[in-house]
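The values are calculated or read from the model by the stated rules, or taken from the named source; none is laboratory data. All of these numbers come straight from a predicted model, not from anything done at the bench. Only protein heavy atoms, including side chains, enter the accessible area calculation; ligands, DNA and RNA are left aside. Shrake-Rupley method; radii C 1.70, N 1.55, O 1.52, S 1.80 Å.
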Amino acid sequence: MTAADDAGGATIRVFLVDDQQMVRGGFRMLVDSQPDLEVVGEAGDGAEALERLSVTRADVVLMDVRMPRMDGVEATRRLAERADAPRVLVLTTFDLDEYAFAAIRAGAAAFLLKDAGPEELLAAIRTVHAGDSVVAPSTTRRLLEQFAAVLPDPASPGTSTAPADDRLAPLTEREREVLALVGRGLSNTEIAAELVVAETTVKTHVGRLLAKTGSRDRVQSVVLAYETGLARTT
């Protein structure tokens, strides 16, 4: 029986994807040092990761983005299409990396720099496994501002209302308003202050809009807000 079992929780199964063996070795040592985490496999590129993850159950994938043969973006996209897909935590060397942004659009749940401290990485794995996102509002805002040029802007110049989009059709006006604020990188507390409502009310709205739009997490909803024109960088 593991320490995680003693504590009443299941072990989080982690899969490592990076083209540098030494990097994978460092991650493996760190992850396996935790009683509630276990490395269940690793791969040197996206293609190998897809093959091994078809026969290996994992909860969280630590995914490098720049790799030979198949990069982390395409691997993330294909993983997201699978039933019961693992959560993907994108790791990149450079802040505001366009590959990391593409991976988030492809379905990754988190974005983290490789030089993050050990405790930050471990916390990110646990947070992602719990179903939350690991992109601070400030990081989300800077990430999207940097690469807004690659996002479509379907609204006409001078238009103050959001453009028509099938993905927004199920949302109420209040839910659209909340989505726009989420897209601006506001936290639930900040949204509550902006709308003068309780934070629990905001959480309810966020949960409903995620379900209605099919967004896997808050990061995906931020991207949706920009793609549909509800949020803008200027």
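Values computed for the structure shown
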| quantity | calculated |
| --- | --- |
| Cα gyration tensor shape for the stretch 11-92, rounded if a/c is under 1.5, else prolate or oblate | oblate |
| Residue 187 - accessible surface, heavy atoms, 1.4 Å probe, Å² rounded to 10 | 40 Å² |
